[in-house]
Amino acid sequence: MGDMSLSPTSRNFQSSGGEIHFLEYGTREMPPLVLLHGHTDCAWSWHHISSELAGRYFVVAPDLRGHGDSGWFPPYSDQFLAGDLLNLMDHCGFESARVVAHSLGSHAASFAAGCFPHRVERLALIEGLGPPRKAGDVNARQWRQQTAQFIDIARTAPVQRSFPSMDAVLERFMKIYPSLDQELASLIVEKSVHVTEQGVEWKWDPMSRDWITTSDPDRFEEVWEGIECETLAVLGRDSYDRFWSKIMPPGVGYFGEELAPMDEEIVEPRLRRFEHGHLEIIDDCGHMIHYEQPGKLLQVLKEFL
């Protein structure tokens with residue numbers, strides 16, 4: 001998969017409030033493609049995908065604000081993440097581009113594509129439909145109940161976990177994602193951590209957790225209705241079991257609804273919000289599709305883009 005020895009060009013630009021770092025792959029003569037990572041990830045998490053797609057596209061992969069080698073500068077809400085995406089495109093001279101986005105990156109991509117539809121030519125949302133709850137408007141009581149939980153999160157200081165060594169981080173990373181090539185895993189870990197007085201820590205701002213306290217699922221879903229381009233939702237069949245049920249366990253709920261394994265009742269109402277929505281489900285895969293099933297994801301992306 002791809003040429004792992006391919007070295008991207010590392011660049012920076014000034015967005016609203018701070019500096020954004022991004023990686024470039026390929027040549028500017030190719031059609032532009034932007035890859036957006038998810039929460040607690042970084043641009044290097046796409047390296048195996050970026051390297052492979054660089055033969056067809058001029059690939060740009062930024063570190064979201066508060067992640068990787070970008071500056072740590074709140075707010076971390078969807079609108080500001082979308083603004084960074086549009087500023088990046090302006091900086092690179094892209095009037096429009098294809099966009100592939102994972103998880104939190106899908107919030108940025110969806111807001112940009114829904115509110116500025118002429119800027120996005122094709123959109124692939126990788127596990128980007130939000131927590132798997134039943135669709136429906138949130139009433140005032142549900143909103144207050146969920147917001148109370150968010151306030152409890154916001155009033156506590158976030159903690160960044162540290163590790164004793166780089167090897168310890170790599171061991172944990174490989175245990176979670178055993179299907180990743182070890183050379184690639186080592187590269188991603190090397191680029192994703194830094195050494196502090198406390199030990200080895202991930203390079204993401206603990207306050208970036210604020211994105212979830214400012215996110216409104218109804219507004220997020222309504223923005224999809226403004227997206228005019230062909231849109232592909234790629235979901236991992238086991239995402240609930242491997243990911244969502246662990247971060248939002250039964251009894252917690254999300255805006256009044258329990259999360260549940262993916263089924264038609266959850267997916268279809270969301271898909272209908274897109275003017276040109278398509279669905280691809282990848283088996284034996286959770287939330288981190290680019291780590292768990294990179295080969296299958298790459299095949300899907302090549303066929304769609």
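The values are calculated or read from the model by the stated rules, or taken from the named source; none is laboratory data. No experiment lies behind these values; they were computed from the predicted model shown. Ideal geometry is used to build each Cβ from the backbone, glycine not excepted, and the neighbour counts take in all protein chains shown.
Among the residues of segment 185-223, those that are part of a strand (DSSP E or B) and either crowded, with 18+ Cβ neighbours inside 10 Å or in contact with a strand residue (DSSP E or B) (Cβ under 6 Å, 6 or more places away or on another chain) (or both) comprise 193, 199, 200, 201, 202, 204.
Go through segment 122-164 residue by residue and tally those that are in contact with an Asp or Glu (Cβ under 7 Å, 6 or more places away or on another chain) and among the hydroxyl-bearing types (Ser, Thr, Tyr). Residues flagged as in contact with an Asp or Glu (Cβ under 7 Å, 6 or more places away or on another chain) and among the hydroxyl-bearing types (Ser, Thr, Tyr) within segment 122-164 amount to 1.
The set of residues from segment 98-117 being more than 18 Å from residue 37 (Cβ to Cβ) and in contact (Cβ under 8 Å) with a residue 60 or more places away in the chain comprises 114, 115, 117.
Residue 79 falls short on exactly one of the conditions (1) touching a Gly at 6+ places or on another chain (Cβ under 7 Å); (2) under 23 Å from residue 275 (Cα atoms), and that condition is (1). Restricting attention to segment 5-64 and to residues that are touching a residue at least 60 places away in the same chain (Cβ under 8 Å) and hydroxyl-bearing (Ser, Thr, Tyr), the residue that is surrounded by the fewest Cβ atoms within 10 Å (Cβ to Cβ) turns out to be 16. When the residues of segment 130-146 are filtered to those that are in a loop (DSSP other than H, G, I, E, B), out of contact with any Leu (no Cβ under 8 Å at 6 or more places or on another chain) and of a type outside the set (S, T, N, Q), the one that is surrounded by the fewest Cβ atoms within 10 Å (Cβ to Cβ) is 137. If the condition is being modelled with pLDDT under 95, part of a loop (DSSP other than H, G, I, E, B) and surrounded by 15 or more Cβ atoms within 10 Å (Cβ to Cβ), then segment 238-257 contributes 248, 253, 255, 256. Can you pull out every residue in segment 258-305 that is in a helix (DSSP H, G or I), surrounded by fewer than 17 Cβ atoms within 10 Å (Cβ to Cβ) and touching a residue at least 24 places away in the same chain (Cβ under 8 Å)? 265, 269, 271, 295, 302, listed by residue number. Can we say residue 20 is more than 24 Å from residue 287 (Cβ to Cβ) and β-branched (Val, Ile, Thr)? Here the answer is yes, as residue 20 does meet what is asked.
In segment 10-120, counting only strands (runs of 3 or more DSSP E) that sit wholly within it, the ones holding 3 or more residues that are under 18 Å from residue 188 (Cα atoms) and of a type outside the set (A, V, I, L, M) span 18-25.
Of the candidates 81, 86, the single residue that is closer than 19 Å to residue 13 by Cα, without any contact (Cβ under 8 Å) to a residue 60 or more places away in the chain and of a type outside the set (Lys, Arg) is 86. Pairs meeting the criteria (first residue in segment 144-167 and among the basic types (Lys, Arg), second residue outside any loop (DSSP other than H, G, I, E, B), beta carbons under 8 Å, at least 6 apart or on different chains) are 161/201; 161/202.
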